[in-house]
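Student: Here you go, one structure.
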């Protein structure tokens with residue numbers, strides 16, 4: 001008589017339960033602490049190499065998408081500790097009591113978390129692209145030309161200032177001014193006894209071409225060239241006690257900086273509101289002298305940052321042009337990215353995820369090895385004994401189980417679960 005061995009119920013229960021327990025733990029780790037969290041970062045911008053004014057931008061990156069985020073921060077550096085609240089667009093301004101030099105440690109804290117910790121690095125200064133004044137003519141007759149108040153930003157009006165001198169004295173000369181891509185196209189007039197005129201004009205496209213010809217008692221002076229034109233720049237208009245910022249293209253916010261004799265003094269952002277004429281406008285307090293820089297982004301890109309002057313100064317003139325305006329401004333330096341903690345914070349998050357997934361993979365590998373060992377034990381223990389010599393065994397199930405001891409449903413389920421564990425192991429390995 002044949003005795004059929006029963007599988008050990010404890011081993012069978014363990015073999016069936018281990019994959020479910022393992023999968024629950026692995027998925028819990030990967031979808032819980034092992035899931036990549038949104039990464040917070042801070043950027044610090046400055047204009048000068050030893051700035052007194054900083055712009056800070058706070059961002060969040062998740063799934064490869066970056067967005068600004070408002071944060072309450074604490075700045076520490078240069079012997080100062082200052083609170084800073086960034087806006088919903090992620091920017092804030094810091095005004096320091098003393099210049100921040102290269103090498104000084106800068107820290108930004110958020111609710112006990114160290115968001116940025118790095119020595120300040122000034123790097124090279126980035127100058128604004130500006131429309132230089134013209135000074136040309138023969139040894140006697142000289143002509144000086146400049147754009148008043150700042151850059152050309154189509155389609156907003158501007159003013160051209162022109163002065164004529166002979167032997168450094170103002171003279172009444174006949175001048176012909178011709179524009180291309182601006183209106184009016186051609187104007188003929190005299191500079192008068194003061195030797196100076198102002199001509200309103202409106203750029204309509206880029207680039208704006210200018211040709212000037214002056215004639216004083218037969219002496220001629222000519223020059224043609226291109227005026228720097230910044231399409232889609234944010235225009236600034238003097239309203240007396242305020243400045244109106246206007247964007248020709250749809251924008252939610254405009255950024256600005258005020259630059260004085262010692263460099264950038266302060267800056268900020270202002271929300272733009274659509275108006276009936278299709279533009280987007282806002283008003284800010286008029287700077288007390290110096291230059292106003294407008295930009296559509298926190299970092300001041302030279303090609304999109306416009307420079308405006310509302311004082312009695314002539315920006316960027318040479319020594320001869322001081323005959324027209326008594327004071328010249330230096331070319332301003334632009335806000336440039338100096339510190340960025342986002343790459344380091346992302347790398348730290350990646351290392352944390354890699355450590356958790358490495359431990360998860362080790363646990364899964366051990367669980368898989370235990371499951372394989374249980375399958376082998378069950379297969380060995382399930383094998384039926386051989387029949388006695390001369391015994392007729394007419395039970396067909398016995399022959400099947402002896403030739404294939406894993407033919408029962410429980411063993412099929414166990415093998416399927418082993419396959420699932422292998423698939424889970426491969427998924428963790430690739431992730």
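The values are calculated or read from the model by the stated rules, or taken from the named source; none is laboratory data. Keep in mind the model is a prediction, meaning the values are calculated, not measured. For neighbour counting, all protein chains shown are included, and Cβ atoms are generated from backbone atoms with ideal geometry for every residue, glycine included.
Student: Here are some residues: 273, 261. Which one is without any contact (Cβ under 8 Å) to a residue 12 or more places away in the chain, loosely packed, with under 13 Cβ neighbours inside 10 Å, in the same structural domain as residue 308 (by TED's automatic domain parsing) and within 30 Å of residue 46 (Cα to Cα)? Walk me through it before giving the result.
Tutor: Details: 261 fails: without any contact (Cβ under 8 Å) to a residue 12 or more places away in the chain.
Of the residues listed, the single one that is without any contact (Cβ under 8 Å) to a residue 12 or more places away in the chain, loosely packed, with under 13 Cβ neighbours inside 10 Å, in the same structural domain as residue 308 (by TED's automatic domain parsing) and within 30 Å of residue 46 (Cα to Cα) is 273.
Student: Sort out which residues of segment 335-347 are surrounded by 12 or more Cβ atoms within 10 Å (Cβ to Cβ) and part of a helix (DSSP H, G or I), and write them in order of number. So that I can check it myself, show each step before the final result.
Tutor: Within segment 335-347, the subset surrounded by 12 or more Cβ atoms within 10 Å (Cβ to Cβ) is 335-342, 344-346.
Across segment 335-347, the qualifying residues are 342, 344, 345, 346.
Student: I've got another one for you. Output the residues belonging to segment 189-221 that are free of Cβ contacts under 8 Å to residues at least 12 places away in the same chain and either touching a strand residue (DSSP E or B) at 6+ places or on another chain (Cβ under 8 Å) or buried (at least 17 other Cβ atoms within 10 Å of the Cβ) (or both). Talk me through it step by step, then tell me what you get.
Tutor: Applying the first criterion (free of Cβ contacts under 8 Å to residues at least 12 places away in the same chain) to segment 189-221 yields 217-218.
Once the filter is applied, which keeps residues that are free of Cβ contacts under 8 Å to residues at least 12 places away in the same chain and either touching a strand residue (DSSP E or B) at 6+ places or on another chain (Cβ under 8 Å) or buried (at least 17 other Cβ atoms within 10 Å of the Cβ) (or both), segment 189-221 yields nothing.
Student: Checking the condition in contact with a helix residue (DSSP H, G or I) (Cβ under 7 Å, 6 or more places away or on another chain) and under 30 Å from residue 334 (Cα atoms), which residue from 158, 135, 121, 181 passes?
Tutor: Working: 158 fails: in contact with a helix residue (DSSP H, G or I) (Cβ under 7 Å, 6 or more places away or on another chain); 121 fails: in contact with a helix residue (DSSP H, G or I) (Cβ under 7 Å, 6 or more places away or on another chain); 181 fails: in contact with a helix residue (DSSP H, G or I) (Cβ under 7 Å, 6 or more places away or on another chain).
Selected residue: 135, the only one of 158, 135, 121, 181 that is in contact with a helix residue (DSSP H, G or I) (Cβ under 7 Å, 6 or more places away or on another chain) and under 30 Å from residue 334 (Cα atoms).
Student: Also, I was wondering about something else. Please tell me if residue 168 is buried (at least 16 other Cβ atoms within 10 Å of the Cβ) and either at positive phi or over 36 Å from the mean Cα position of the chain (by Cα) (or both).
Tutor: Working: buried (at least 16 other Cβ atoms within 10 Å of the Cβ): no; either at positive phi or over 36 Å from the mean Cα position of the chain (by Cα) (or both): yes.
No: the conditions fail for residue 168.
Student: Scan segment 51-69 and give yes if some residue there is outside any strand (DSSP E or B), under 20 Å from residue 120 (Cα atoms), in contact with a strand residue (DSSP E or B) (Cβ under 8 Å, 6 or more places away or on another chain) and not assigned by TED's automatic domain parsing to the domain that holds residue 300, otherwise no. Before the answer, list the steps.
Tutor: We begin by selecting, within segment 51-69, every residue outside any strand (DSSP E or B); these are 51-52, 63-64, 69.
Cutting the leftovers down to under 20 Å from residue 120 (Cα atoms) gives us 51-52.
Add one more test, that the residue is in contact with a strand residue (DSSP E or B) (Cβ under 8 Å, 6 or more places away or on another chain), and what stays is 51-52.
Adding the requirement that they be not assigned by TED's automatic domain parsing to the domain that holds residue 300 leaves 51-52.
Within segment 51-69, one or more residues are outside any strand (DSSP E or B), under 20 Å from residue 120 (Cα atoms), in contact with a strand residue (DSSP E or B) (Cβ under 8 Å, 6 or more places away or on another chain) and not assigned by TED's automatic domain parsing to the domain that holds residue 300.
Student: What is the one condition in (1) out of contact with any helix residue (DSSP H, G or I) (no Cβ under 9 Å at 6 or more places or on another chain); (2) assigned by TED's automatic domain parsing to the domain that holds residue 248; (3) at pLDDT below 90 that residue 164 does not satisfy?
Tutor: Checking residue 164 against (1) out of contact with any helix residue (DSSP H, G or I) (no Cβ under 9 Å at 6 or more places or on another chain); (2) assigned by TED's automatic domain parsing to the domain that holds residue 248; (3) at pLDDT below 90, the one that fails is (3).
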